[in-house]
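Here is the structure we will look at.
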Amino acid sequence: MRRLLLVNKLEWDDLATVDPFWSILSDPTKRFSKWDVGEFFDTGKKEVEEILDKARSLGFPAVKGRALDFGCGIGRVTRALARHFGECHGVDISEEMISIAKRLNGDMSNCEFIVNVSDTLGIFPDNYFDMVYSNIVLQHLPHRNQIELYILEFIRVLVPTGLLVFQLPNWIPLRIRIQLRRRLYLLLRELGADADFLYTRLGLHPIRMNFLGEREVVTLLEGRGGRVLHMRRSGREGKSFQNCTYFVSK
Ligand SMILES: C[S@@+](CC[C@H](N)C(=O)[O-])C[C@H]1O[C@@H](n2cnc3c(N)ncnc32)[C@H](O)[C@@H]1O
């Protein structure tokens, strides 16, 4: 597991170095540093407003004290959460992502950005966060066991009146699972090729894709006292990704 974690870290450090904005929101028209910074951060605001609208209708969290943004990248969502919560903690495996997050969000005094190269959230005590949020992260983890470990950690660090919201594909088609570009990228990288050359000149990148079925996720959550309040599905059956965003209390 430790080796997989270190490979995962290297991949995201590379991505943060070559094109952090596109590696987070992979809009094909924005590839090669074409994201406008303001437009990029506006997507986070809109996302958080939609999530909090749904949260209000569910009656959670009871208090908007402390929020965790797991896999925060450069703080697209952490920054937006900080407009609603007393304090926000953005956690990421990539030092490079965190260093950009600190630079771009230096004006947000209630945001803290932390590097965590671990399968757990052991840096936080039990029952600590009013809201735990994670979007476009769990699908990029190397192993399903690792996805499960983090989901259990989300439950552990959530206060009993809090809300956990995370997104995870429940299925992805075989053609995406094969990940040829990623395999070639890793091979050439191991042979000493430069990350920028592989990305800019050869159009390769190391983004990996994983998924976990809905039934497995719900069973896991319920086994740890989680209550699934709502599941928001998107994507077309059989065509492309099928995504699920889980709204959970405990
Ligand atoms: C596609 S980006 C999404 C960033 C952010 N959630 C957003 O929506 O703006 C995925 C992020 O997950 C981070 N990540 C990948 N594996 C991780 C892990 N094991 N622990 C924490 N962060 C991880 C990456 O470094 C990257 O910043």
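Observations on the structure shown:
- In the stretch 78-96, the residues that are among the aliphatic types (A, V, I, L, M) and either in a loop (DSSP other than H, G, I, E, B) or free of Cβ contacts under 8 Å to residues at least 24 places away in the same chain (or both): Ala82, Ile93
- The residues of the stretch 17-42 that are farther than 15 Å from Asn105 by Cβ, part of a helix (DSSP H, G or I) and within 12 Å of the ligand (Cβ to nearest atom), listed by number, are Thr17, Trp22, Ser23.
- Qualifying residue in the stretch 168-184 (condition: modelled with pLDDT of 95 or more and within 22 Å of Leu58 (Cα to Cα)): yes
- Residue within the stretch 191-202 that is touching a strand residue (DSSP E or B) at 6+ places or on another chain (Cβ under 9 Å), in a helix (DSSP H, G or I) and surrounded by 12 or more Cβ atoms within 10 Å (Cβ to Cβ) present: no
- Only one of the numbered conditions (1) part of a helix (DSSP H, G or I); (2) within 21 Å of Leu221 (Cβ to Cβ); (3) without any contact (Cβ under 8 Å) to a residue 60 or more places away in the chain is violated by Phe154, and that is (3).
- Of the residues making up the stretch 107-150, those that are among the acidic types (Asp, Glu) and surrounded by 14 or more Cβ atoms within 10 Å (Cβ to Cβ) are Glu112, Asp119, Asp130, Glu148.
The values are calculated or read from the model by the stated rules, or taken from the named source; none is laboratory data. In this text the structure is predicted, and so the values were computed from the model without any measurement. Positions of Cβ are backbone-derived with ideal geometry, glycine not excepted, and every protein chain shown enters the neighbour counts.
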